[in-house]
Amino acid sequence: MSSRAPAIQVVRRAKPLLGTLVEVGLCGAPAEAGLLAACAIAFDTIAEVQRCLSRFEADSDIARFNSIPAGGWLDVQADTAIVLSAAWQLFNDSDGVFDVTLGSAPAGWQLHERERRLHKLHRAARLDLGGIGKGHAVDRAVQALRRAGLTSGWVNAGGDLRSFGSATVELKLRDEQRGGVVDFGRLNDGAFATSCFGVGTRSALSAARQAGTHTHVSVAAPLCLIADALTKVVAASGDAHHPMLARAGARAWLH
């Protein structure tokens, strides 16, 4: 008498979060109800991160920081501390190219990591984690799914994508000139982020965009936070072989 391996189910669900449409895809043998419950865990995790990092939510750590005067401080949530710590490291490694103050006051904030206490050193300092926070939210969702016992799937937040386990995700990019999408490749057990930079972007890529050449930067990396952030570094430098890529185990494309 032969036994059959349990059929693998794939469940995909989407929800508006992070200012975009977030898709969660899960593969597994459990009943569909179990996979749907796991999707809800991923969405709840992303919503939790959004409540910490979004400058548009009045009670978020970032909105609160932006509203306090110079010399003020606040205790922040763990997600905020993780992202700000990574942002500061990226700022130093990129010689100031990656700047979550967007030029308002690059040295105008300081995080005391042990206490998770964020200090405002300059009244002009304003934080915007739009260039890194979405990637962290994706990583946190994958972490939550793995803790819940899921072994294969993906999370895609409007172009910030991470797959884990045996799940392979097709990568498709928008064709800005002819419309539609084009096949780019496949992603397995890693992260991939794409950013579009139009005319007016203060970067080396802006000139290329106006010349009718590159409009997108894509980065593949082990973590989505890193892939997300490095698209901005590559865009600002115009260098698809920037030294930070190799140090992060990442690869970039201009297209």
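Structural remarks
- Each label was represented as a point 7 Å from its Cα along the Cα-to-Cβ direction; for ALA70 and HIS255 these points are 4.6 nm apart.
- Angle in degrees between helix 224-237 and the longest Cα principal axis of the chain, rounded to the nearest 10: 50 degrees
- Gyration tensor (Cα) of the chain, equivalent ellipsoid semi-axes in angstrom: 32, 25, 15
- Across region 93-102, computed HN-Hα scalar couplings (Karplus, 6.51 cos²θ - 1.76 cosθ + 1.60, θ = phi - 60°) run 5, 9, 6, x, 5, 8, 9, 7, 8, 6 Hz from first to last residue, x flagging Gly and Pro.
- A protection proxy built from the mean count of other Cβ atoms within 10 Å ranks the segments 14-20, 75-81, most packed first, as 75-81, 14-20.
- Portion, in percent, of the accessible area of the chain that falls on carbon or sulfur, probe 1.4 Å: 51 percent
- Working note: Karplus 6.51/-1.76/1.60 with θ = phi - 60° gives region 105-122 the couplings 5, x, 9, x, 9, 8, 9, 8, 5, 4, 8, 6, 10, 9, 10, 9, 9, 9 Hz, where Gly and Pro are set to x.
- Solvent-accessible surface (1.4 Å probe) assigned to TRP88 amounts to roughly 90 Å².
- For the chain, the solvent-accessible area works out to 50 Å² per residue, with a probe of 1.4 Å and every protein chain left in place.
- Karplus-derived 3J(HN,Hα), 6.51/-1.76/1.60, for each residue of region 151-162, Hz, glycine and proline x: 10, 7, x, 7, 9, 10, 10, x, x, 9, 10, 9
- Each of ALA107, GLN50, ALA78 was placed along the dipole of the chain (beta-carbon charges, centred on the mean Cα), and the one lying farthest toward the positive end is GLN50.
- Electrostatic dipole magnitude of the chain [Cβ: Lys, Arg +1; Asp, Glu -1; Cα centre; debye, to 20]: 120 debye
- Distant-in-sequence amide H partners of VAL22 (H built 1.01 Å from N, under 5 Å): LYS15, LEU17
- Sorting the segments 219-226, 135-142 by their residues' average number of neighbouring beta-carbon atoms within 10 angstrom, most packed first, yields 135-142, 219-226.
- Which of ASP183, ASP93, ASP44 is most accessible, then next, and so on - probe 1.4 Å: ASP183, ASP44, ASP93
- Computed [θ] at 222 nm, helices only, for the chain once each DSSP H run of length n ≥ 4 contributes -39500 (n - 2.57): -10500 deg cm²/dmol
The values are calculated or read from the model by the stated rules, or taken from the named source; none is laboratory data. If you're wondering where the values come from, they're calculated on a predicted model, not measured in any experiment. All Cβ positions, even for glycine, are placed from backbone atoms using ideal geometry, and neighbour counts span all protein chains on display. Keep in mind that these areas ignore ligands, DNA and RNA; they rest on the heavy atoms of the full protein, side chains included. Shrake-Rupley method; radii C 1.70, N 1.55, O 1.52, S 1.80 Å.
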